[in-house]
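Below you'll find the structure, written out as structure tokens, and then a few comments.
The values are calculated or read from the model by the stated rules, or taken from the named source; none is laboratory data. The shown structure was predicted, so the numbers you read here are calculated from the model rather than taken from an experiment. Here the Cβ positions follow ideal geometry from the backbone for every residue, glycine too, while neighbour counts run over all protein chains shown. Side chains are part of the model used for accessible areas, which takes the heavy atoms of the whole protein and leaves out ligands, DNA and RNA. Shrake-Rupley method; radii C 1.70, N 1.55, O 1.52, S 1.80 Å.
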Amino acid sequence: MGNKSAKLSLPENISLNNVTAIVTGANRGIGYGITFALARMGATVILACRSQEGANEAIENLQLEHKSTPRRDGEDELEELKLLFIPLDLSSLRSVYKFTEDVKSLNKPIQLLICNAGIGNASQGYTEDGYERHFQINYLGHCLIALELLSLMNKSGDDIRIVQVSSVAHTFGKLDFDNIQGNKNYSRIHMYGNSKLYQIMFMFSLQQKIAGTNIGILSIHPGVVATEINRNFQDSFLWRNFDNMLKGIGMMKDCKDGANSAIIAAVSPAFKGCSGVYISDGKCIPPSKLSRNVQQQQRLWDYTIGLLKEYLSDDSLKFIEEN
């Protein structure tokens with residue numbers, strides 16, 4: 001991969017004509033930007049989001065944007081983007097499991113899974129499954145998708161990738177099993193950071209399980225991006241002023257620029273066969289020391305599998321136990 005500290009650039013002349021990609025939270029923000037880029041490269045993109053109405057609006061806008069965007073040299077000429085909606089509510093493990101079954105029923109290979117959807121800095125609340133919302137929506141639900149689709153993805157080609165949209169916020173995350181669900185004390189900023197830490201720890205654990213397969217898992221920090229997550233900060237005087245300052249000095253990315261690191265991780269030939277890579281704002285760097293702690297990774301893995309066993313199929317359990 002050459003100089004890992006060098007700024008990575010978006011690859012050119014990539015054709016994804018025979019690729020099917022899943023993007024969670026595809027109807028807005030960074031997910032919308034990722035979806036547009038992959039679909040323009042020829043991929044069939046499954047928009048995994050909660051609302052049929054929101055997905056239909058996004059698909060309409062994506063098609064209009066596609067028709068109004070000039071074709072770059074080397075790009076395939078597509079009359080229409082290949083887009084498909086499958087409902088997914090990450091706050092419900094039943095919905096997540098149903099989503100994976102719906103994907104399998106398509107009888108399509110799945111070469112890309114982009115775990116993008118999430119919430120940030122939300123007030124204290126719990127899902128129908130009883131888990132803290134950041135924990136389940138940002139982390140646990142995506143774990144279930146990845147684990148349930150591993151067997152299918154492993155049969156889908158020789159370059160299969162899972163990309164997690166994490167955050168630099170993982171660096172202030174903690175792994176405290178006595179307060180992992182925020183029952184003892186709750187800080188929305190820390191709960192968000194914790195969930196992003198768990199994603200990266202899961203990456204390293206899964207990397208060990210899928211070694212020797214065609215699947216790679218990578219995590220990215222997109223940079224500071226103007227997404228709807230920021231709205232949860234608007235009751236904070238300090239955050240509002242910090243947010244306005246970043247926008248004022250041009251350090252706040254728009255969603256399309258924010259999608260770049262995920263797109264690079266998903267399609268760049270430089271990452272074929274790579275796993276356990278963290279890309280921050282376009283550069284490969286080591287994630288936090290805690291995220292790389294093998295003993296803590298194992299503890300989180302065991303805890304996670306314990307929570308998901310009710311939903312994991314025998315095939316999925318067999319796959320991760322044998323690898």
May I ask you to order 148-156, 192-200 by the average number of other C-beta atoms within 10 Å around their residues, highest value first? 192-200, 148-156
For the range 267-323, take every pair of Cα atoms, bin their distances at 10 Å starting from 0, and report each bin as a whole percent. 17, 34, 35, 14
Enter the accessible area per residue of the chain (Å², integer; probe 1.4 Å; all protein chains in place). 45 Å²
For the chain, what is the percent of antiparallel DSSP beta bridges, rounded to the nearest 5? 10 percent
Looking only at the range 42-192, where both bridge partners belong to it, what percent of the DSSP beta bridges are antiparallel (to the nearest 5)? 10 percent
Extension gain SER15-LYS104, at 0.36 nm per residue separation less the Cα-Cα distance, in nm? 29.7 nm
Which percent of the accessible heavy-atom area of the range 56-213 goes to carbon and sulfur, probe 1.4 angstrom? 46 percent
Using square roots of five times the C-alpha gyration tensor eigenvalues, list the equivalent-ellipsoid semi-axes of the range 34-161 in whole Å, biggest first. 28, 19, 13
Dipole magnitude of the chain about its Cα centre (Cβ charges: Lys, Arg +1; Asp, Glu -1), debye to nearest 20: 920 debye
Ranking request for peptides 40-49, 288-297: highest mean number of other beta-carbon atoms within 10 Å first, then the rest in descending order. 40-49, 288-297
Cα extents of the chain along the three principal axes, largest first, in whole Å? 55, 51, 44
